[in-house]
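Working notes, structure below.
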Amino acid sequence: MKKFIMAAVGGTLAGIVLTTQVAAPLLAQEADKKVNVYEQLDLFGDIFERIRAQYVEEVDEGDLIEAAINGMLTSLDPHSSYLSPDDANDMRVQTRGEFGGLGIEVTQEEGFVKVVSPIDGTPADEAGMEAGDFITHVDGESILGLALDEAVEMMRGPVGSEIIITVVREGETEPFDVSIVRDTIKLTAVRSRAEGQTVVLRITTFNDQTTPNLEEKLAKEVEALGGMDNVNGFVIDLRNNPGGLLTQAIRVSDAFLEKGEIVSTRGRDPADGDRFNATPGDLAMGKPVVVLINGGSASASEIVAGALQDHRRAIVIGTKSFGKGSVQTVMPLRSNGAMRLTTARYYTPSGRSIQALGVSPDIIVEQPRRAPEAEDEAKEESISRQRRSESDLRGSLNNDSLSEDEIRQIEADREKAETAAKLREDDYQLAYAIDILKGLNALGPDK
């Protein structure tokens, strides 16, 4: 019994020694971390005071603090940043669909300002800016090494004023200048038109107007075609759409899905994750859908493309999307400013993250660059020679097996096909999407 008690005492002592030896260093390390943080804050205070007292020119203390806060946030990733009261107000105006500027969505890549996409119908779009362009100078002044917000601030200015942007573009040997006149940007969230029996829905951004615009434009085009029975399918054009509100991406996806997951978000804490599911109701009433994407399709656009692709509700055509798979939460701060902080990644219904990878199309279709005018004329002459047929030969026999009405119907069908073929010259990717829908309808509803 005495040995047992001694053994127990020995075990207790060993436990105390072990606890002391292991826990004490851990506690010391934790204390060191706290000390280091406070030391760093003291260092920040010292630097702040020296700048105020000894910098060659007098500086605004508020600007110094804002720059320090913004530097801390932008060091995390390209999408986290501090929004001054003016910037926060501009962002709120932009989500409502009208704001001043160039009409260009940019990001930062390894210190360079990169164009995600120009927005349809804006000064940047009309000036020929393209997704993937790198901006190096604004009005002759280099923006290399600047924070993204600083570079964007240099591009802002009064409506009607001119700005010269120096651009580096893949495929061009030398940088070149682009002149843009700033304007009030009025975003039309959804544009629509009919190409034959296909309804084309061009979604340019995801703001508060997107879903109502989509529902209105879709119904209008279907009615113009004489009802859903006369529609062979829908093209959702998300090319060069830089994204926008997550809530609108979910609602647009839901508009074409009857059930199932649309997107899930996962933060650092598993408890902070969210899952968003579709509700019954399909605006397209089961008709085939094709989604068009390219390198300028980002964020909310990728949510829609990924959701419809994973549920096999749509065929995705074009080129790989931008790959922005993170969620930013805008948090109001004192003095009406705000903090935009990356708080989660989002995942498509199949569980794949789009971050840095993008959405890969089911069918890769590149948009050919416009050929020079001389090449166009030579191509047209070659096509004209190829179009010679039996009826062009002297003395060819007439076709007397068809009535005049049947001949007129054949000629009308041929004219429709030729009209559709002309679209390939203006927008090859869209023409390809429409051809896919025609092919699906030719197989019949059972297929």
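The values are calculated or read from the model by the stated rules, or taken from the named source; none is laboratory data. Quantities reported herein were computed from a predicted structural model and do not represent experimental measurements. Every residue, glycine among them, receives a Cβ derived from its backbone with ideal geometry; neighbour counts consider all protein chains shown. All accessible areas refer to the heavy atoms of the entire protein, side chains included, with ligands and DNA or RNA removed. Shrake-Rupley method; radii C 1.70, N 1.55, O 1.52, S 1.80 Å.
Residues of segment 44-64 being closer than 22 Å to Y82 by Cα and of a type in the set (A, V, I, L, M, F, W, C), which ones? Within segment 44-64, F44, I47, F48, I51, V59, L64 qualify.
Entry remark, segment 235-285: residues being closer than 27 Å to A194 by Cβ, of a type in the set (S, T, N, Q) and in a loop (DSSP other than H, G, I, E, B) number 2 in total. Six or more apart or on different chains, Cβ atoms under 9 Å: show the pairs whose first residue is in segment 157-174 and within 17 Å of A131 (Cβ to Cβ) and whose second is among the polar types (S, T, N, Q). Cβ pairs passing all conditions: I165/T136; I165/S179; V167/T136; V168/T136.
The rows are residues; the columns are (1) under 30 Å from T247 (Cβ atoms); (2) surrounded by 19 or more Cβ atoms within 10 Å (Cβ to Cβ).
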site: M91; (1), (2): yes, no
site: P118; (1), (2): yes, yes
site: P123; (1), (2): yes, yes
site: A127; (1), (2): no, no
site: E141; (1), (2): no, no
site: G145; (1), (2): no, no
site: P158; (1), (2): no, no
site: I165; (1), (2): no, yes
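Here segment 99-124 is the region considered, the condition is being free of Cβ contacts under 8 Å to residues at least 40 places away in the same chain and charged (D, E, K, R), and the residue that is nearest to A189 (Cα to Cα) is K114. Is one or more of the residues making up segment 89-109 in a loop (DSSP other than H, G, I, E, B), closer than 30 Å to T173 by Cβ and modelled with pLDDT under 85? Within segment 89-109 (the criterion being in a loop (DSSP other than H, G, I, E, B), closer than 30 Å to T173 by Cβ and modelled with pLDDT under 85), the answer is no, since none of the residues qualifies.
So that you can scan it fast, the table gives a plain yes or no per residue for (1) in contact (Cβ under 8 Å) with a residue 12 or more places away in the chain; (2) touching a strand residue (DSSP E or B) at 6+ places or on another chain (Cβ under 8 Å); (3) of a type outside the set (S, T, N, Q):
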site: I185; (1), (2), (3): yes, yes, yes
site: T188; (1), (2), (3): yes, no, no
site: T211; (1), (2), (3): yes, no, no
site: E215; (1), (2), (3): yes, no, yes
site: A224; (1), (2), (3): yes, yes, yes
site: N241; (1), (2), (3): yes, yes, no
site: T247; (1), (2), (3): no, no, no
site: R251; (1), (2), (3): yes, no, yes
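Every test in (1) open to solvent by 40 Å² or more (accessible area, probe 1.4 Å); (2) at pLDDT 90 or above; (3) not basic (K, R) is passed by P368 save one, and that test is (2).
Y38 is checked against (1) under 19 Å from the mean Cα position of the chain (by Cα); (2) surrounded by fewer than 15 Cβ atoms within 10 Å (Cβ to Cβ) and fails just one. What number does that condition carry? Y38 satisfies every listed condition except (1).
The criterion of being small (G, A, S), surrounded by 13 or more Cβ atoms within 10 Å (Cβ to Cβ) and touching a helix residue (DSSP H, G or I) at 6+ places or on another chain (Cβ under 9 Å) does not hold for A151. Looking only at residues of segment 171-230 that are over 27 Å from L423 (Cβ atoms) and part of a helix (DSSP H, G or I), we find that the one that is most open to solvent (accessible area, probe 1.4 Å) is P212. Checked against (1) modelled with pLDDT of 95 or more; (2) open to solvent by 10 Å² or more (accessible area, probe 1.4 Å), L246 meets all criteria but (1). Name the single residue, out of those in segment 300-320 being assigned to a loop (DSSP other than H, G, I, E, B) and of a type in the set (D, E, K, R), that is least open to solvent (accessible area, probe 1.4 Å). Here the residue is R313.
Within segment 195-215, the only residue that satisfies the criterion of being modelled with pLDDT of 95 or more and more than 23 Å from the chain's Cα centre (by Cα) is T198.
Scanning segment 134-170 for residues being modelled with pLDDT of 90 or more and either in contact with a Pro (Cβ under 9 Å, 6 or more places away or on another chain) or in a strand (DSSP E or B) (or both) gives a total of 15.
Within segment 29-46, identify whether any single residue is under 30 Å from V327 (Cβ atoms), modelled with pLDDT of 90 or more and in contact with a strand residue (DSSP E or B) (Cβ under 8 Å, 6 or more places away or on another chain), and answer yes or no. No, there is no match, as no residue in segment 29-46 is under 30 Å from V327 (Cβ atoms), modelled with pLDDT of 90 or more and in contact with a strand residue (DSSP E or B) (Cβ under 8 Å, 6 or more places away or on another chain). A count restricted to segment 56-84 and to residues that are closer than 15 Å to S335 by Cβ and open to solvent by 50 Å² or more (accessible area, probe 1.4 Å) stands at 6. In this structure, P280 does not satisfy being in contact (Cβ under 8 Å) with a residue 12 or more places away in the chain, more than 24 Å from D435 (Cβ to Cβ) and crowded, with 16+ Cβ neighbours inside 10 Å. When you scan segment 285-299, do you find a residue that is under 30 Å from L440 (Cα atoms) and surrounded by fewer than 19 Cβ atoms within 10 Å (Cβ to Cβ), even just one? Yes.
Residues checked against (1) under 18 Å from the mean Cα position of the chain (by Cα); (2) closer than 20 Å to L437 by Cβ; (3) in a loop (DSSP other than H, G, I, E, B):
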position	(1), (2), (3)
G295	yes, no, yes
F322	yes, no, yes
V327	yes, no, no
G351	no, no, yes
